[in-house]
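Q: Following this message is one structure expressed as structure tokens.
Derivation of every value follows stated rules applied to the coordinates shown; laboratory data play no part. Please read all numbers here as calculations on a predicted model, not as lab measurements. Using ideal geometry, Cβ is built from the backbone for each residue, glycine included, and neighbour counts are taken over all protein chains shown.
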Number of protein chains: 2
Amino acid sequence: MVDVPQLVEQARQGRPRAVARLISLVEGASPHLREVMAALAPLTGNAYVVGLTGSPGVGKSTTTSALVTAYRKAGKRVGVLAVDPSSPFSGGALLGDRIRMSDHASDPGVYIRSMATRGHLGGLAWAAPQAIRVLDAAGCDVILVETVGVGQSEVEIASQADTSVVLLAPGMGDGIQAAKAGILEIGDVYVVNKADRDGADATARELNHMLGLGAARAAGDWRPPIVKTVAARAEGVDEVVEALEKHRAWMEEHGVLARRRHARAAQEVETIAVTALRERIGDLHGDRRLEALADRIVAGDCDPYRAADELVEGITGS
Amino acid sequence: MVDVPQLVEQARQGRPRAVARLISLVEGASPHLREVMAALAPLTGNAYVVGLTGSPGVGKSTTTSALVTAYRKAGKRVGVLAVDPSSPFSGGALLGDRIRMSDHASDPGVYIRSMATRGHLGGLAWAAPQAIRVLDAAGCDVILVETVGVGQSEVEIASQADTSVVLLAPGMGDGIQAAKAGILEIGDVYVVNKADRDGADATARELNHMLGLGAARAAGDWRPPIVKTVAARAEGVDEVVEALEKHRAWMEEHGVLARRRHARAAQEVETIAVTALRERIGDLHGDRRLEALADRIVAGDCDPYRAADELVEGITGS
């Protein structure tokens, strides 16, 4: 028996178990999902959502943990969502990362949640925003969304954050990697972590150069700052917080925050709608209709477009 | 004026410009797309489709080029589809890679096509299979599909190939990278390229160990072989071809090839159908309906699930 209004009320009061339960309900596509989301809606929109991305080994979890400490000192309630869209094989590494977060495990002003999106219907784009809504409604002032892994998932996370932090570290061939993954286009703030290592200045210079390669910026445009940190010793972390606050102020001043949140909401609705439509195709799949179409395609009796037209007709009636 | 039957006939005769024109028509979502796909359907199903994936720098293009040479020696017609789902920033690297393929540029038995899927509606999953169909219908015996980049796109490519080759190179931290990207689950054949470098044996051993970590295999199951190559000197390339042929024979013997192609066709239809449904949401988007819903969500007046229900109703009428 799930009492959704009571759970939401308890989450508002800062009870970690209620927050955890609500996240489980929304990420597990429970029968209560719609009730939970409806109850949360009027309570959301207050949290500042910061995405942290970067290749494995740059120190994302250490940086996240240091940011939690900094925000807690400022009296903020903090939510951490650690999203792992990768293989079960990475479980070991993930566990190691999570241990660093245990500094905050007993702090009632911090919620930490890991989320494995692999196998999730709709993946990251579907599961993470719902968990962010729960943390937002529970009264978190700041939500740090950290992704493990590379590539597409980072871009997805960036689209769900108010501000995107891209982390790099010296000597990891990050310049090329960053370019490949397209993360040069998603960072609002860049952090070169492990800045006590050889090559940190070169990495920052290379990054600065690459950021300058883009189209000329108009006056008033945001120029992503590059902050050097040694997160393990909390060096430079206050400067990261400062850069985040500056970016937030700039977004509010220029209406960017409202536009981003609008775009995010639109994308979220679209993703849920497409997932629902895909499920209807899945139902047809169960009906063997899709199976029969696939057989005809393999045999060369039908092309995939004609087959898709038939499927769409089956769902929409036109 | 596009004469589709004539183009298809010319492509069948091996005219490269007709092949190129057909691919442009299918990847550009031309008004002739459906006519082209319908004309190609009865001509497809003969090509053996091999996917090649791996992190940047492992030598994918060099290996692909060496495989082309090997298959040409065996008298096969070969198609190469180089898919780049990454940022425009990688253009430089891509160009460098492509130059290696110029050995084959004047060979009428080889078709080479680059495909930038970024910005494509539906992305890689949508564009690549259509190009593969064109190359198949044009009489290619073997189609090599090479992806630039990492992560999700590799998994997508793997799902579109009959056989997936995963490339690694020594000393790139590939063990961890492979695990993160989940590529340990998609390889039918593994290649450790640049095997003349230090650490090649260690990489092969580590890979062998990691492959052994999976669930116990039943008798008759495919055990992915690990082949060491120096593709730049064509060393080990015949062994890769041999491994591919063995895998193909194994798939045919166990009905796996038919199952994979069936699954691929089903997935392809589903992707096209979902794209079509998504376009209908996009039409609603133009209608400002999605915009209005997003505003209500940001304001906390509506949750994304209720909004999605409204969108789906708008499309399906229920």
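Q: At 7 Å along Cα-to-Cβ for each site, give me the label-to-label distance between residue B:253 and residue A:3 in nm.
A: According to this spin-label approximation, the distance is 6.4 nm.
Q: Once the label point is set 7 Å along the Cα-to-beta-carbon vector, what list of distances in nm do you get between residue A:232 and its counterparts in the other copies?
A: 3.4
Q: Measuring label to label, 7 Å along Cα→Cβ, what does residue A:313 give against each other copy in nm, shortest first?
A: Once sorted, the set of distances for residue A:313 reads 2.8 nm.
Q: Which ordering of A:26, B:19, B:192 is given by a fewest-first count of other beta-carbon atoms within 10 Å?
A: Listing A:26, B:19, B:192 from fewest to most nearby Cβ atoms yields A:26, B:19, B:192.
Q: Then there's this: Looking at this model, which pairs from A:60/B:60; A:60/B:194; A:194/B:228; A:194/A:246; B:73/B:194; B:60/B:246 are more than 25 angstrom apart at the alpha-carbon?
A: Over 25 Å apart, Cα to Cα: A:60/B:60; A:60/B:194; A:194/B:228.
Q: Ok, one more. Treat segment A:20-75 as a sphere of radius equal to its Kirkwood radius over Cα pairs and apply Stokes-Einstein at 37 °C in a medium of 0.692 mPa s; give the translational diffusion coefficient in µm²/s, rounded to a whole number.
A: Taking Rh from Cα pairs, D becomes 232 µm²/s.
Q: Which whole-Hz couplings ³J(HN,Hα) result when phi for each residue of segment B:30-38 is put into the Karplus expression 6.51 cos²θ - 1.76 cosθ + 1.60, θ = phi - 60°, listed in order with x for Gly and Pro?
A: Computed from phi, the couplings for segment B:30-38 are 5, x, 8, 3, 5, 5, 4, 4, 5 Hz.
Q: Still on this structure, I have one more. Give me the inter-chain shielding for A:28-39: mean count of other chain Cβ atoms within 10 Å, whole number please.
A: Per residue, the average neighbour count from other chains is 2.
Q: Would you pull out the residues with amide H under 5 Å of residue A:111's amide H, same chain only if 5 or more places away, H placed 1.01 Å from N?
A: Under 5 Å from the amide H of residue A:111 lie the amide H atoms of A:78, A:79, A:80, each far enough along the sequence or on another chain.
Q: Once you have a ≥ b ≥ c as the square roots of the Cα gyration tensor eigenvalues for segment A:270-316, tell me rounded if a/c is under 1.5, and otherwise prolate or oblate according to whether a/b is larger than b/c.
A: The shape class here is prolate.
Q: List every residue whose amide H lies under 5 Å from the amide H of residue B:147, counting only residues 5 or more places away in sequence or on a different chain, with H placed 1.01 Å from N in the peptide plane.
A: HN-HN under 5 Å from residue B:147: B:52, B:83.
Q: Tell me the label-point distance for the pair residue B:309, residue A:289, using the 7 Å Cα-to-Cβ offset, in nm and rounded to one decimal.
A: 2.3
Q: Give the order of B:257, A:144 when sorted by the count of other beta carbons within 10 angstrom, beginning with the fewest.
A: Sorted ascending by nearby Cβ count, the order is B:257, A:144.
Q: Right, another one. Give the order of B:17, A:12 when sorted by the count of other beta carbons within 10 angstrom, beginning with the fewest.
A: The most exposed by this proxy come first: B:17, A:12.
Q: Could you pull out every residue, at least 5 positions away or on a different chain, whose amide H is within less than 5 Å of the one on residue A:229? Hs are placed 1.01 Å off N in the peptide plane, and Pro or chain starts have none.
A: Long-range HN contacts for residue A:229: A:192, A:193, A:194, A:195.
Q: Could I ask something else about it? Averaged across B:257-270, how many Cβ atoms of other chains sit within 10 Å of each residue's Cβ atom?
A: Shielding by partners across B:257-270 averages 6.
Q: Something else: Output, in nm with one decimal and in ascending order, the distances from the residue B:114 label point to the matching label points of the other copies (7 Å from Cα along Cα-to-Cβ).
A: Copy-to-copy label distances for residue B:114: 4.1 nm.
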